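Each remark here refers to the structure printed beneath this line.
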Amino acid sequence: MLDLIVSTLTQGFIYALLSYGVYITYKILDFPDLTVDGSFPLGAAVTALLLVNGVNPYLTLLVALAVGALAGLVTGLIHVKLGVRDLLAGIITMTALFSINLQIAGSNLSVERAIDTIFNAPPTMALFGGCSLIVRKLIVSMILALIFKVLLDLYFKTKNGLLLRAVGDNSTLVTSLAKDRGFVKILGLVISNALVALAGCVVCQEQRAFSSTMGTGQVVFGLATVIIGTTIFKKFDFVKGTTAAIVGSILYKICIQCAINLGLPANLLKLITAVLFLVILVLGNVKKGSLKKFGERLAPKTGKGR
Amino acid sequence: MLELRNISKVYNPGTVTEMCLFDGFNFKVADGEFVSIVGSNGSGKTSMLNIICGSIPIDGGDVLIDGVSVNHLAEFRRYRTFGRVYQNPAAGACPNLTILENMSLADNKGKRFGLSSGVNKKRAGYYREQLAALGLGLEDKMSVKMGSLSGGQRQAVALLMATLTPLDFLILDEHTAALDPHTAEIIMQLTDRIVREKNLTAIMVTHNLRYAVEYGSRIVMMDRGHIVLDKAGEEKRNTSTDDVLHLFNQISIECGN
């Protein structure tokens, strides 16, 4: 039982990296980015290939960040420079990436036990060698999730980060500030997909396998976690978006784990993911709608706006 | 100096709704002028502002600043030395950022948006001073999100943000049209004060004939892509709201309104 809790938490922390990415595009840029379904397995494919070829597992983290950034760049260029709608730009890159991932790592590629990953390479063992593998996985993924949380939180406070937040909030203002809003959007997509591919990289190391279909439904997962997280903390302004993403990710993984424990066949996982997402969306809407009606009842039309 | 030379602009070319707005349109604004532009809907006022700012493409002619064509400059590059306040008070700032963050963004216009701290604490005192001068009590709300302010407050901050850095031109696009009469008056007085204090060259489009007559150093009336009235200096001072209204009504009757 304890093992189950630890592994669920581990999953939550690893996928929090993906949630950060979706948080940036969905919440900050207001850009429904479907590239995620392709950039996530891209990170995993590249990682699997590199590990099999004996590359240092820590180095794969950086490579995954880079290839993810490239995927984001492609979507950004398609959208901004070629004027393709946001949703379609993501779909185009995602579809292209499916073939690219197959080219990189085939339909499946497993990483043998003998190969070191970030969870059992010498530096990790030197620090956390006393713990069992499952606990090490939790510690390493938690550290990664926290490092990137802190980095992102710091970034959002910089001038550049402020500009990124501005472009999703009111892109007219960015133009008024004599900045190219297209460039800022591309930058956001680059950062977002770098994080998503990093999540793919860590997942690949954790499960020691790449599969070409592992990207399916990741966008929905990311959106769900961000919406869960931000809805929970709606009343608490001081809670950062990245914190909401971590909490959302962990809660989501707990829900899925519970469903599996209740005897849900693994084949139905994506179906449950979709249904769960729908439920979250509808619940959010119903809450908003009923609150509005409630408010109108409390304050009959006085004619005053605001 | 700003000059529109021989501008032509056709909307929906090649369709049944093709409409030629400007054909050989010329317009000049000298440095230090405060031009009020009036005219009925569809007269080309906002199109002219959009052409100046590069928000819409032109089919011919040149937009010149100090004699140099800026036709090739993208919209965002022109804003380097332009400030613009929109009709919609929400357009001038980010609703999910605080007043302080919005002011910091505006203050950094023209500089690099790098990885240094987004909010410069040292400048907070200056922002506070500027906000206090508005007389709306906003100086104590610096950490409040922009979205929670009223339309008038937002427009006041938007005006401040647009003029925080040195400008060549201030573009006011019906910036009082969405406000109640009282607030509109406050914003108009504020505009006048800022334009005078900073010695700005301003171009204001308005539907309020009284503002056009009372404020600014030059009044221009447009009708279907042509300038039908253009008075400056002494001549403008001798123009009353009634004179302008009379001409305005004449045009409207001709148009069948």
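Relative contact order for the stretch A:19-81: 30 percent, from Cα pairs under 8 Å spaced at least 6 residues apart, divided by residue count.
When the square roots of the Cα gyration tensor eigenvalues are ordered a ≥ b ≥ c, the ratio a/c for the stretch A:101-151 is 1.5 or more and a/b does not exceed b/c, which makes its shape oblate.
Across the protein assembly as shown, the volume of the C-alpha convex hull divided among the residues equals 199 Å³ per residue.
Each residue of the stretch A:210-215 was assigned a 3J(HN,Hα) from its phi angle through the Karplus expression (A = 6.51, B = -1.76, C = 1.60, θ = phi - 60°), giving 10, 9, 5, 9, 5, x Hz with x at Gly and Pro. In chain A, the alpha-carbon atoms span a convex hull of 160 Å³ per residue.
Projected over every direction and averaged, the convex hull enclosing the alpha-carbon atoms of the stretch A:1-68 yields 5.8 nm².
Restricting to DSSP H runs of at least four residues, report the calculated mean residue ellipticity at 222 nm for the protein assembly as shown, -39500 (n - 2.57) per run over all residues, nearest 500 deg cm²/dmol. Walk me through the numbers before you get to the answer.
On the way: 21 runs with 310 residues, N = 563.
-18000 deg cm²/dmol, from helical runs alone.
The local environment of B:L179, defined by Cβ-Cβ distances under 11 Å, has a net charge of -2 under the rule Lys, Arg +1 and Asp, Glu -1.
Taking every DSSP bridge with both residues inside the protein assembly as shown, close to 60 percent are antiparallel.
Mind running the shape call on the stretch A:64-221? Use the C-alpha gyration tensor, a ≥ b ≥ c as the square roots of the eigenvalues: rounded below 1.5 for a/c, prolate if a/b tops b/c, oblate otherwise. If you can, show how the numbers build up before the last one.
Numbers: a/c = 3.29, a/b = 1.53, b/c = 2.16.
It is oblate, given that a/c is not under 1.5 and a/b is not larger than b/c.
Stick to Cα atoms and the Kirkwood definition of Rh, then tell me Rg/Rh for the stretch B:123-219.
That ratio equals 0.96.
Couplings 3J(HN,Hα) for the stretch A:219-224, derived from phi with the Karplus relation 6.51 cos²θ - 1.76 cosθ + 1.60 (θ = phi - 60°), are 4, 4, 4, x, 4, 4 Hz, where x marks Gly and Pro.
Relative to the compact-globule estimate of 2.2 N^0.38 Å, the Cα radius of gyration of the stretch B:74-143 comes out at 1.18.
Relative contact order for the stretch A:2-216: what is it in percent, counting Cα pairs under 8 Å that are at least 6 residues apart? Please list the in-between numbers first.
Numbers: 351 pairs, mean separation 99.5, N = 215.
Answer for the stretch A:2-216 is 46 percent.
When only the Cβ of Lys, Arg, Asp and Glu is charged (+1, +1, -1, -1), the dipole of the protein assembly as shown relative to its Cα centre reaches about 1720 debye.
In angstrom, the C-alpha Rg and Dmax of the stretch A:152-272 are 17.5, 57.
Based on the alpha-carbon gyration tensor of chain B and its eigenvalue square roots a ≥ b ≥ c, which shape applies: rounded if a/c is under 1.5, prolate if not and a/b is larger than b/c, or oblate? Prolate shape, in that a/c is at least 1.5 and a/b is the bigger ratio. Given A:K240/B:K111; A:K179/B:K236; A:K27/B:K45; A:K27/B:K111; A:K185/B:K198; A:K149/B:K111, which pairs have Cα atoms separated by over 32 Å? The pairs that break the limit, which is 32 Å between Cα atoms, are A:K179/B:K236; A:K27/B:K45; A:K185/B:K198.
In terms of overall dimensions, the stretch B:1-65 has a Cα radius of gyration and Dmax of 12.3, 42 angstrom. Seen from B:F76, the other residues with C-beta closer than 9 Å to its C-beta sum to a net charge of +3, counting Lys and Arg as +1 and Asp and Glu as -1.
Here, each number is a calculation from the coordinates, and none is a lab measurement. From a predicted model like this one, the values you see are computed outputs, not experimental measurements. Every residue, glycine among them, receives a Cβ derived from its backbone with ideal geometry; neighbour counts consider all protein chains shown.
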